[in-house]
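The values are calculated or read from the model by the stated rules, or taken from the named source; none is laboratory data. Bear in mind the structure is a predicted one, so any value in this text is a computation, not a measurement. Here the Cβ is made from the backbone with ideal geometry for all residues, glycine too, and neighbour counts use every protein chain on show. Only protein heavy atoms, including side chains, enter the accessible area calculation; ligands, DNA and RNA are left aside. Shrake-Rupley method; radii C 1.70, N 1.55, O 1.52, S 1.80 Å.
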Amino acid sequence: QVQLVESGGDSVQPGGSLTLSCTASGGFTFVGRDMGWYRQASGKECELVSSITRDGITLYSDAMKGRATLSQDNAKTTMFLQMNNLQVEDTAVYYCAVASIPLPKCWGQGTPVTVSS
């Protein structure tokens with residue numbers, strides 16, 4: 001099982017920004033992997049926020065497009081999700097996962113993001 005640790009979540013006001021981080025350990029890297037950020041709000045299903053293919057192609061959900069940027073460090077051991085103009089609807093626990101393997105995506109530690117007034 002891949003060890004991925006999410007961090008960076010916080011409580012922010014509407015319109016605020018956050019950058020989430022996902023760090024791999026145990027010798028795992030993102031090289032040759034399709035990776036993604038997912039989120040799950042209380043009582044709702046897990047949904048894809050953004051993904052990046054092994055070739056570096058990024059995709060964004062309709063909800064986040066224009067407000068988020070997914071990136072990876074040069075070592076391909078850390079990935080980021082920069083989110084801007086956060087709204088109440090963005091409140092959820094955010095997870096990173098390997099997109100291309102058949103395992104649950106919204107699982108593990110996660111990092112909670114709360115957007116409220």
Residue tally, condition in a loop (DSSP other than H, G, I, E, B) and closer than 22 Å to Pro112 by Cβ, over the stretch 12-68: 15
Hits in the stretch 19-56 - residues which are under 11 Å from the mean Cα position of the chain (by Cα), in contact (Cβ under 8 Å) with a residue 40 or more places away in the chain and open to solvent by less than 40 Å² (accessible area, probe 1.4 Å): Leu20, Ser21, Cys22, Met35, Gly36, Trp37, Tyr38, Arg39, Val49, Ser51
Members of the stretch 79-100 that are outside any loop (DSSP other than H, G, I, E, B) and open to solvent by less than 20 Å² (accessible area, probe 1.4 Å): Met79, Leu81, Met83, Asp90, Ala92, Tyr94, Cys96, Ala97, Val98
Checking Pro112 against (1) in a loop (DSSP other than H, G, I, E, B); (2) surrounded by fewer than 19 Cβ atoms within 10 Å (Cβ to Cβ); (3) touching a residue at least 24 places away in the same chain (Cβ under 8 Å), the condition it does not meet: (1)
Single residue of the stretch 1-11 satisfying the filter (part of a loop (DSSP other than H, G, I, E, B) and at pLDDT below 95) that is surrounded by the fewest Cβ atoms within 10 Å (Cβ to Cβ): Gln1
